[in-house]
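Student: Quick one: structure below, then a few questions.
The values are calculated or read from the model by the stated rules, or taken from the named source; none is laboratory data. Remember, predicted model here, so these are calculated numbers, not experimental data. Neighbour counts are summed over all protein chains in view; Cβ atoms, including those assigned to glycine, are modelled from backbone coordinates with ideal geometry. Remember, those area values only see protein heavy atoms, side chains included, never the ligands or the DNA or RNA. Shrake-Rupley method; radii C 1.70, N 1.55, O 1.52, S 1.80 Å.
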Amino acid sequence: MSATGLRLGAAEWRRIAVITGVAVALFVTVRELPTGTNLSHMDFRVQGGNVIEFCDPANPQFLPVVAVRSPVTLAVAPDAPARAGADCTATLVLTTFSGKPIAPEDLIVVQTKPIHLLIVDPSLDDYQHVHPVPAHAAGQWRFSFRPRFGGAYRIFADFTPVATSRGLYAETELAVAGAPNAVVAGTQPAAWRATAHGYDFRLRPGSLLVRANVPSDLRLVVTKPGGGAVPIEPIMGAFAHLVAFDTSRSGFAHIHPNETDLAQLPDRTAPAFTFKVTIPAAGRYVIWSQVNLGGTETYAPFWFDVAP
Ligand SMILES: [Cu+2]
């Protein structure tokens, strides 16, 4: 009986060896297949300190994009001088620090798009989330938006190189002619409540005080005044997107709900989503929420203070 058991064991082992061999061969073959990108992780490294930290998606943080050196260069050129209230079409040029173009094959599609642009005016009252599309020339991308105010719009790019698989950020500015917003960034009243497109938006922090360097839980609830269904639909692979800015627009945090399963439908009349974010410095901040209500992209701002 034990001899039979041993022979069976040997056969099992042979089978395991064959399966393992096939798996290793497949693994090696797949590894050798071209990924499509000509860039390596070395293209996304910069020497010295004060280099932008790669984002850890499990612990979303406010990223000081402007103050740190990015391993990529972002430039923007509008087709015609940008004016407040008029559509502006522009070309973005995205290259590595050494000047290599960053093309679609070099980027991973994240939240359904290869590049997310977070565009914001100096007052932070005009925030827009735009997705550029690749142009003919490698490294060139085209996008359009309609600035509401005049001023130096800041454009943050959020993307993930294939070579590193980690989120990376870059920023540039676009001058928009016209009257700037009369409201100065940070003078907006603090409020965890906002209305947009006839819906009520409430954002509630887990604790009354949001403190610097302490992870904060946030809960977003959308309701219709007087009750009724809220036709919330996924947008860019999530039911809601939150983007936080500080008043000097030194960077941003881009966060998504903990509820990642889109098949799990939210409450019909009061859809609610929870988020986690860490903001490293005290001061006045705005969080813009972005949701899709029955096909209408709806943005709502929440101004708040972060305590030391
Ligand atoms: Cu998002």
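Student: I'd like the full set of residues that are open to solvent by less than 20 Å² (accessible area, probe 1.4 Å) and under 17 Å from residue 100 (Cα atoms), limited to the stretch 137-156.
Tutor: Passing the criteria: 139, 141.
Student: For the stretch 262-276: of the residues being among the hydrophobic types (A, V, I, L, M, F, W, C) and open to solvent by 10 Å² or more (accessible area, probe 1.4 Å), which is nearest to the ligand (Cβ to nearest atom)?
Tutor: That would be 262.
Student: Can you tell me which residue in the stretch 74-122 is farthest from residue 160 (Cα to Cα), limited to those that are more than 16 Å from the ligand (Cβ to nearest atom), open to solvent by less than 60 Å² (accessible area, probe 1.4 Å) and of a type in the set (S, T, N, Q)?
Tutor: 89
Student: Given (1) modelled with pLDDT of 85 or more; (2) open to solvent by 50 Å² or more (accessible area, probe 1.4 Å), where does residue 33 come up short, assuming only one miss?
Tutor: Against the list (1) modelled with pLDDT of 85 or more; (2) open to solvent by 50 Å² or more (accessible area, probe 1.4 Å), residue 33 comes up short only on (1).
Student: Name the residues in the stretch 277-293 that are under 9 Å from residue 239 (Cα atoms) and away from the ligand (no atom under 16 Å from the Cβ), would you?
Tutor: Of everything in the stretch 277-293, nothing turns out to be under 9 Å from residue 239 (Cα atoms) and away from the ligand (no atom under 16 Å from the Cβ).
Student: Just name the residue that is farthest from residue 231 (Cα to Cα) out of those in the stretch 176-213 that are within 22 Å of the chain's Cα centre (by Cα) and charged (D, E, K, R).
Tutor: Top of the filtered list is 204.
Student: If you don't mind, there's one more thing I want to ask. Which ranges mark the strands (runs of 3 or more DSSP E) fully within the stretch 101-158 that have 1 or more residues being β-branched (Val, Ile, Thr)?
Tutor: So the answer is 115-120, 127-130.
Student: If I ask for residues that are in contact with a strand residue (DSSP E or B) (Cβ under 9 Å, 6 or more places away or on another chain) and either surrounded by 19 or more Cβ atoms within 10 Å (Cβ to Cβ) or assigned to a strand (DSSP E or B) (or both), which ones from the stretch 293-307 would you list?
Tutor: Scanning the stretch 293-307 gives 293, 297, 298, 299, 300, 301, 302, 303, 304, 305, 306, 307.
Student: Identify, please: which residue in the stretch 159-172 is within 16 Å of residue 105 (Cα to Cα) and not in a loop (DSSP other than H, G, I, E, B) and is, among those, modelled with the lowest pLDDT?
Tutor: So the residue we want is 168.
Student: Something else about it: Does residue 128 count as within 16 Å of the ligand (Cβ to nearest atom) and modelled with pLDDT under 95?
Tutor: no
Student: Would you check if residue 68 is of a type in the set (Val, Ile, Thr) and either open to solvent by 50 Å² or more (accessible area, probe 1.4 Å) or out of contact with any Leu (no Cβ under 9 Å at 6 or more places or on another chain) (or both)?
Tutor: Yes, satisfied.
Student: Could I ask something else about it? Which one of these does residue 190 not meet: (1) touching a Phe, Trp or Tyr at 6+ places or on another chain (Cβ under 6 Å); (2) surrounded by 15 or more Cβ atoms within 10 Å (Cβ to Cβ)?
Tutor: All conditions pass for residue 190, except number (2).
Student: Sticking with this one: Within the stretch 216-232, count every residue that is away from the ligand (no atom under 16 Å from the Cβ) and touching a Gly at 6+ places or on another chain (Cβ under 8 Å).
Tutor: Selection size over the stretch 216-232: 6.
Student: Can you pull out the residues in the stretch 231-285 that are of a type in the set (Asp, Glu) and under 19 Å from residue 65 (Cα atoms)?
Tutor: Listed by number, the list holds a single entry, 246.
Student: Tally up the residues in the stretch 233-261 that are away from the ligand (no atom under 11 Å from the Cβ), farther than 23 Å from residue 281 by Cα and either surrounded by 20 or more Cβ atoms within 10 Å (Cβ to Cβ) or free of Cβ contacts under 8 Å to residues at least 40 places away in the same chain (or both), please.
Tutor: Within the stretch 233-261, residues that are away from the ligand (no atom under 11 Å from the Cβ), farther than 23 Å from residue 281 by Cα and either surrounded by 20 or more Cβ atoms within 10 Å (Cβ to Cβ) or free of Cβ contacts under 8 Å to residues at least 40 places away in the same chain (or both) number 4.
Student: Those residues that are crowded, with 19+ Cβ neighbours inside 10 Å and of a type in the set (A, V, I, L, M, F, W, C), I need them from the stretch 277-292; list them, please.
Tutor: 277, 279, 286, 287, 288, 291
Student: Condition (residue is surrounded by 17 or more Cβ atoms within 10 Å (Cβ to Cβ) and more than 22 Å from the chain's Cα centre (by Cα)) applied to the stretch 164-175: is it met by at least one residue?
Tutor: no
Student: May I ask you to verify whether residue 113 is more than 24 Å from residue 287 (Cβ to Cβ) and not polar (S, T, N, Q)?
Tutor: no
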